[in-house]
Each structure stands twice: as structure tokens, then as C-alpha cells.
């Protein structure tokens with residue numbers, strides 16, 4: 001907001017000085033306008049949780065924010081991050097501030113010096129939250145080493161705390177993959193618990209070789225798979241100390257459509273076909289699940305992934321990998337059913353302070369179209385309002401690597 | 001442990017004085033023996049979380065406990081409850097200590113005085129946990145108004161924190177009921193989404209009348225039901241401000257057995273019938289769920305129930321109500337599939353500092369056997385190792401009330 005309303009070059013540390021009256025007045029104005037934008041989203045677009053990220057570091061400012069929002073019936077939870085550990089401060093400036101729009105045309109030395117000055121201005125004016133302010137708050141101390149929770153209320157605040165106590169700032173690798181080709185990928189049938197084919201087995205071996213190469217001399221990643229055998233057959237060659245089979249990672253339950261092909265559904269259950277095509281996110285297979293159900297089911301797994309500090313490989317299914325991938329890439333729920341997750345491709349996400357870097361490794365050549373052999377999944381190949389913003393991985397800045405220099409010949 | 005090793009009458013507040021050397025020595029001995037018992041359970045019986053509830057209020061004692069357990073590979077999380085609010089202290093003594101074995105034959109005045117003396121002894125010797133002890137801890141301040149979390153590690157500690165931040169000490173009512181009789185209760189078919197019968201509808205009306213009578217002049221309970229219509233048809237007459245339909249409250253998914261009767265399963269799928277009979281807790285219907293899956297699925301609902309401070313009515317299904325009931329009554333997982341939850345009976349639990357009081361209201365006469373009309377559920381009517389400890393409600397100290405003074409005649 002500040003950056004939008006002022007020219008970026010106007011703004012150095014002095015703008016943030018508590019003695020700069022014009023700066024102070026402008027910052028109050030920005031606060032008011034930003035709150036208005038957030039409320040518009042909460043009320044007009046049915047938002048659930050608005051994050052008002054600003055320097056709410058004085059009692060006066062917090063009282064203003066709280067009264068303003070509570071008058072509109074919005075519950076307020078303050079999050080205060082306190083860092084006493086100097087190493088965390090410096091790492092954070094280097095990792096996040098150098099690319100900030102405020103420092104785009106400045107050198108690193110200037111940025112670090114200016115941001116440290118800005119921090120000193122913040123510190124001079126800073127009044128830590130105290131109990132007598134009567135608000136609900138969470139203090140996050142030294143990046144999650146310690147938490148203080150005060151006056152928490154209700155389901156949402158409790159979920160926010162679960163999330164905050166799970167995330168951490170240590171960068172790490174998350175590998176995602178669908179299982180190797182299964183017998184039902186070949187016949188185009190949905191769900192079930194089929195074994196993998198010879199090509200699927202070839203992928204399983206390539207996956208293991210690839211990871212052994214990547215982790216030579218280091219301990220291998222933790223491995224998670226579903227409770228369906230096409231996933232644990234895919235991971236069985238990987239040398240790992242920990243392999244966990246989660247039921248929550250099982251493929252979307254297609255209910256009465258389990259075992260059918262898309263062609264069959266289109267022909268025999270045209271209502272199901274049309275309804276799913278019209279709203280692939282919310283449509284629930286009779287006796288089964290919707291994508292929204294899957295997203296909900298995967299939520300505890302997301303928290304577990306956040307908690308990991310070591311490299312992790314997850315081998316699961318199309319709908320599951322789509323949901324996990326979408327979370328880490330910050331995609332909207334509407335986009336989840338259309339994310340492109342091809343078979344025999346390993347996705348590697350590296351967590352960053354904001355978002356994730358991504359690489360894709362194609363570990364096996366597509367000799368014939370592998371899955372969805374007969375009829376494409378509803379809407380997958382058609383234009384869809386939510387799908388338009390998603391282009392194939394190779395054209396949206398994702399580094400895709402083909403990695404079959406020493407591939408065995410596969411029948 | 002202390003009470004087992006000493007005669008109860010030997011033990012007054014002076015035993016807990018830090019100057020009482022013999023008392024101190026004995027208490028160390030008790031600590032060691034109790035830890036041994038806990039470890040036996042953790043290792044020999046595959047326990048997951050052991051709770052070592054004792055006066056670990058000095059740094060020396062905590063170091064001893066931690067070193068002892070960590071040497072065995074057990075992670076230690078200390079929970080420290082600090083109460084500054086005098087009202088909570090007194091309420092707690094009155095609510096919990098009067099019935100303690102230490103005060104069984106003493107009057108209330110003696111008990112309160114002695115326990116306050118004991119508290120003063122604790123306070124004199126008490127050293128609050130500090131960060132430099134290097135352990136993981138949770139401080140619970142004033143019964144959950146404030147929490148301090150330090151150095152939390154891993155999945156289990158995070159789940160413990162979720163639980164601690166959800167529970168509270170305000171007593172309240174939890175009403176549990178299965179839906180009114182459905183058409184498939186009459187035919188004996190499993191699962192599905194059938195409507196309720198005329199008798200089911202009569203129960204729905206009686207339930208509403210009963211609650212209106214109970215809550216005359218007060219705000220009615222919050223109502224939760226499943227997303228299957230036999231539950232929301234059962235609650236629709238109840239005047240309530242909040243009614244939530246949870247998918248997590250849906251009946252156990254019987255997979256390929258949905259729509260079949262037990263008789264049919266016994267005849268057409270004898271393997272399924274026998275396998276489920278042999279291990280009703282762990283047996284998973286092909287394409288469906290096991291009781292263990294249901295218990296897992298209901299877990300987030302349990303946290304939500306714990307969080308409620310106002311009266312709550314849950315109308316759901318046999319396996320679901322069994323799981324919730326078993327949690328609040330402290331039953332073992334093995335007992336869950338055998339808990340007796342009859343149709344047309346309202347169970348009322350009132351939370352207490354330890355456990356729950358229970359009343360059952362039979363709101364509709366059984367004119368004919370209502371559900372499981374043909375073949376009984378596997379093992380329900382047969383003796384089972386886990387079932388032997390469960391007797392019918394009426395004979396195990398539960399107050400059952402029949403409440404049909406003004407019942408309509410039902411065809």
C-alpha cells in the first residue's frame with residue numbers, strides 16, 4: 001500500500017522515524033486504507049482469515065486496529081514476532097530484504113545498513129503487547145523457539161496456532177511424485193488398488209537411483225506414501241530410514257465410479273460426468289469424495305510437512321499431489337483440480353522465506369500416452385476459468401529437467 | 001503410588017514439607033517406582049504417551065526425571081500449571097480434593113485447610129521451569145487463559161498442545177443421540193442415505209420437546225449433525241441458533257457392503273463377515289472404513305467438542321456416537337465397537353474435573369425391535385474379551401430415565 005501510494009525512491013529509513021510527523025500521518029492513512037481493502041475482501045468475497053501485515057507496534061495503533069475491526073464484528077488476533085537472536089535478524093535481512101522493492105536499485109550493503117536503521121526506528125517506537133490491552137495474541141519468539149498464547153478464542157484461532165507452531169524458517173527440500181504407472185493407468189480405470197506395470201517398476205528403480213545420486217554421502221530423505229500398493233511399490237527400492245504409509249494420502253475416493261473409466265462414466269452415468277465437469281472442485285462422487293474433501297483430508301498432512309526439517313519425498317496420487325503442490329505454490333482452491341502433475345516426473349520444491357523454488361525431473365520417457373488413455377478427465381483438456389491462469393510447467397518459469405541419460409530399455 | 005505404599009491416614013500436609021527429610025526420601029523412592037511402571041507400559045505394551053503426574057516442582061527433580069527418561073530414548077515434555085487467580089484455586093479444591101482418597105474420612109473444612117497448607121509447602125519448594133533447563137515445556141496459566149510453549153518438538157508434542165489449548169475447566173452438558181429410526185434400520189441395511197420412518201419422525205419431535213422443556217427460559221443447545229439426511233431430519237424441529245452438519249460425523253463407510261444386510265454379508269461375503277467378527281476394531285470394509293479409521297476421523301470433532309463452553313447436542317450414527325462416548329467415558333479403543341447406544345435414547349454427559357456424569361433418557365418406547373432386525377451385528381450379541389467389561393447401561397451405574405409420559409401413539 002505504502003509502495004503503491006508513494007514513489008519507492010522517496011522512501012528510506014527516515015520515513016519510519018517516530019519523529020517524522022509527515023511520515024507518521026501518512027502511515028496512519030495507509031493503515032486505514034489497507035484495513036478497508038481487507039474488509040472488502042472479508043465481506044464482499046466471503047474471506048475467512050484476513051492478514052493485516054503492518055507495523056502495529058504501539059498500543060495506540062493496536063487499539064485503533066482492534067476497535068475498527070471489532071466494530072465490524074471481526075475477531076482480532078495479534079501476532080507479534082520477537083527476535084532476540086542476532087543471527088536470525090541478519091539471515092532474515094539477507095534472505096528477504098535484498099529483493100524487496102524498497103531496495104531494488106540499491107546495493108546489499110546499503111540495504112542491510114538502511115534496514116538495520118529502520119529496525120532501530122521500529123525498536124525506539126516499539127511497545128510490546130501486554131496482557132492489560134485485553135486482546136488475543138500470539139508472541140512468536142526467535143522464529144518459533146518459544147510461543148506465548150494469550151486469550152485465544154474459537155476454532156479459527158486455534159487452527160492458526162497449530163499452523164504457527166508447525167512452520168519453521170529452515171529451508172528444506174520437498175520431493176513430490178505420483179506412483180509409477182499402474183495397471184489401471186493403462187486401462188484408464190479410476191481408483192482401486194492395482195499393482196504397478198513394468199514401466200511403473202522401471203520408474204520406481206529410476207526414482208531410487210536418482211535419489212541415491214542426489215543424496216550421495218548424506219542421509220536419504222524421509223519417505224511418505226499412501227496405503228495403496230501402487231505407491232509403496234514405487235518407493236520400495238529407495239534406501240531410507242523412515243517410510244510412513246498414510247491413509248490420508250490415498251487417492252480421491254471415486255465412490256460408485258471406482259473401477260470405471262471416464263468413457264464409461266460419460267456413457268453410463270452422464271449426470272455424474274456433467275456435474276463433475278461443471279464443478280470439479282466441489283462435485284462429490286456419490287459415495288465418495290470431492291476435491292474439496294481431499295483438500296480438507298490432506299490438511300493435517302500439510303502441517304506434518306511443514307514440521308519436517310529434513311528432506312522429504314511424498315509418493316502419492318494425482319488429486320493428492322495436486323492439493324499438496326497447490327498449497328506450497330500458493331494456488332487457489334479453484335485451481336487445484338487442474339494442476340498438471342504428469343506420471344514419472346519428480347517435482348522438487350525448495351522452501352524459501354516467501355514461496356518455493358521448483359524443479360521438475362522427468363525420469364522416464366513417455367513412449368505412449370500413459371494415463372487417461374481413453375477419455376480425458378473432465379475439463380482437463382478444455383478451457384476453464386480457473387485453468388486459464390495455469391500454463392504447463394515448462395512455460396511458467398519452472399525449471400524442467402529431463403533426466404534419462406542412462407535409461408534402461410522398457411518394453 | 002504414594003497412597004498404595006503408605007496408609008492413607010499417615011499422610012497429612014507435613015508429609016509434603018520440604019523440611020520433612022523422611023518424606024522427601026520416600027517421595028524420591030515413589031517417583032522412581034512410578035517412572036518404572038510407566039516405562040514398562042510404554043515399552044512392553046506399546047504405549048504412546050505416558051503421563052507422569054507428580055510434584056516435579058524443583059530443578060533437581062526435573063533433571064532427574066528428564067535424564068532418566070531420555071536415557072531410555074523417551075522424549076519429555078513438562079506441563080506446568082500456574083494459577084494466579086485465587087478463585088480458580090478454591091473452586092478446584094472444592095471440586096476435586098474433597099473426594100480424594102487422602103480426605104475420604106475428613107470433613108470439608110479440614111480438607112480445604114490441609115490442602116491449602118500442602119499448597120504452601122509446594123510453593124515454598126517450588127522452582128518454576130526456566131528456559132536454561134533446556135527442556136521442552138508448556139506452561140498453562142490460569143486454567144488456559146495464557147500458555148507459554150518452549151522448545152516443542154515433533155508431531156506428538158504438537159498434538160498435545162492442540163489438545164491443551166482446546167480443553168477448559170468450565171463444566172457443561174454434551175447430549176449424544178443416534179438419528180431417529182431410518183427406513184434402512186427397518187430393513188436392516190447398512191449405510192446409505194435413507195430418510196427416517198414415522199417412528200423416527202416421532203423421535204425427532206420428542207427430542208425437540210424434551211430439549212425445549214429442559215432449556216425453558218435459557219438459550220437452546222448448539223446442534224451438530226452429520227451430512228446424511230437421517231440426522232438432519234432428526235434435529236429439524238429443535239429451535240436452535242446454530243446447527244452445523246459435519247461430514248466427519250457421517251456413519252462408518254461400509255464400502256462394498258453399503259446397502260447390504262448383515263444376513264446378506266454373512267451369506268454372500270462370508271470372508272468379510274468372519275474377518276470383521278474376529279477384529280471389529282481394526283477390520284476395514286473393502287473400499288470403506290474400520291472402526292479405527294472412524295476413531296481417527298472423529299478426533300478433530302473431539303477437539304471441537306472440548307472447546308465448546310455451552311450445551312451441545314450431537315445427533316449422528318452408531319459408530320460415531322460410540323467413538324465420541326468412549327472418549328468422554330475413558331473407555332479403551334477395543335471397547336468402542338461394542339458400546340451399547342440404542343436408538344431413540346438421548347445420552348446426557350455432564351463434564352466433571354475427572355470424567356463425566358451420565359444420564360440416559362429413553363424418549364420413545366420400543367414396540368418392536370428397531371434396528372438390526374434380522375441378523376445381529378457381528379459379535380454384538382456374543383461374548384468378546386473386550387465386551388465383557390461392558391455391561392448394559394442400566395446395570396453399570398448409569399442413571400437411565402424413561403421419559404414418555406405424554407407419548408403420541410405411533411403406528
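So which of B:320, B:252 is touching a residue at least 60 places away in the same chain (Cβ under 8 Å) and either outside the structural domain of residue B:348 (by TED's automatic domain parsing) or not in a helix (DSSP H, G or I) (or both)?
Exactly one of B:320, B:252 is touching a residue at least 60 places away in the same chain (Cβ under 8 Å) and either outside the structural domain of residue B:348 (by TED's automatic domain parsing) or not in a helix (DSSP H, G or I) (or both), namely B:252.
If residue A:40 satisfies every condition in (1) farther than 28 Å from residue A:132 by Cα; (2) surrounded by 14 or more Cβ atoms within 10 Å (Cβ to Cβ) but one, which is the exception?
Every listed condition holds for residue A:40 apart from (2).
Of all residues in the stretch B:141-171, count the ones that are touching a residue at least 24 places away in the same chain (Cβ under 8 Å) and either within 20 Å of residue B:130 (Cβ to Cβ) or more than 7 Å from chain A (Cβ to nearest Cβ) (or both).
Of the residues in that region, 17 qualify.
Here is a list of conditions, (1) more than 10 Å from chain B (Cβ to nearest Cβ); (2) in contact (Cβ under 8 Å) with a residue 40 or more places away in the chain; (3) over 28 Å from residue A:67 (Cα atoms), and residue A:125 meets all of them except one; can you say which number that is?
So the condition that residue A:125 fails would be (3).
Would it be correct to say that residue A:291 is assigned by TED's automatic domain parsing to the domain that holds residue A:264, surrounded by 21 or more Cβ atoms within 10 Å (Cβ to Cβ) and modelled with pLDDT under 95?
The answer is no for residue A:291.
Please state which of the following conditions residue B:278 fails to meet, knowing it meets all the rest: (1) within 14 Å of chain A (Cβ to nearest Cβ); (2) surrounded by fewer than 16 Cβ atoms within 10 Å (Cβ to Cβ).
Every condition holds for residue B:278 apart from (1).
Do we find that residue B:337 is surrounded by 12 or more Cβ atoms within 10 Å (Cβ to Cβ), over 30 Å from residue B:94 (Cβ atoms) and at pLDDT 95 or above in this structure?
Numbers: surrounded by 12 or more Cβ atoms within 10 Å (Cβ to Cβ): yes; over 30 Å from residue B:94 (Cβ atoms): yes; at pLDDT 95 or above: yes.
Yes, satisfied.
Pick out the one residue from B:191, B:180 that is crowded, with 19+ Cβ neighbours inside 10 Å and within 14 Å of another protein chain (Cβ to nearest Cβ). So that I can check it myself, show each step before the final result.
Details: B:180 fails: within 14 Å of another protein chain (Cβ to nearest Cβ).
Step by step, each of B:191, B:180 is checked, and only B:191 is crowded, with 19+ Cβ neighbours inside 10 Å and within 14 Å of another protein chain (Cβ to nearest Cβ).
State yes or no: is residue A:93 over 24 Å from the mean Cα position of the chain (by Cα), under 26 Å from residue A:160 (Cα atoms) and surrounded by 14 or more Cβ atoms within 10 Å (Cβ to Cβ)?
Taking the combined requirement at face value, the residue does not satisfy it.
Quick check on my filter: what residues within the stretch B:77-104 are touching a residue at least 24 places away in the same chain (Cβ under 8 Å) and more than 21 Å from residue B:170 (Cβ to Cβ)?
B:77, B:78, B:80, B:101, B:102, B:104
Give the number of residues within the stretch B:301-312 that are within 12 Å of another protein chain (Cβ to nearest Cβ) and part of a loop (DSSP other than H, G, I, E, B).
The total comes to 2.
Any chance the stretch B:95-111 includes a residue that's under 25 Å from residue A:129 (Cβ atoms) and at pLDDT below 90?
Checking the stretch B:95-111: not a single residue is under 25 Å from residue A:129 (Cβ atoms) and at pLDDT below 90.
So that you can scan it fast, the table gives a plain yes or no per residue for (1) assigned to a helix (DSSP H, G or I); (2) over 31 Å from the mean Cα position of the chain (by Cα); (3) free of Cβ contacts under 8 Å to residues at least 12 places away in the same chain; (4) at negative phi:
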residue: A:231; (1), (2), (3), (4): yes, no, no, yes
residue: A:234; (1), (2), (3), (4): yes, no, no, yes
residue: A:239; (1), (2), (3), (4): no, no, no, yes
residue: A:244; (1), (2), (3), (4): no, no, no, yes
residue: A:264; (1), (2), (3), (4): yes, yes, yes, yes
residue: A:271; (1), (2), (3), (4): yes, yes, yes, yes
residue: A:274; (1), (2), (3), (4): yes, no, yes, yes
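Filter the stretch A:255-275 down to the residues that are exposed (fewer than 15 other Cβ atoms within 10 Å of the Cβ) and farther than 21 Å from residue A:338 by Cβ, then identify the one that is nearest to the other protein chains (Cβ to nearest Cβ).
In this case the residue turns out to be A:256.
Closer than 30 Å to residue B:161 by Cβ and away from chain A (no Cβ under 14 Å): which single residue out of B:315, B:294, B:298, B:336 fits that description?
Result of the check over B:315, B:294, B:298, B:336: B:336.
The values are calculated or read from the model by the stated rules, or taken from the named source; none is laboratory data. Note that this is a predicted model, so its numbers are computed, not measured. All Cβ positions, glycine included, derive from the backbone under ideal geometry; neighbour counts span all protein chains shown.
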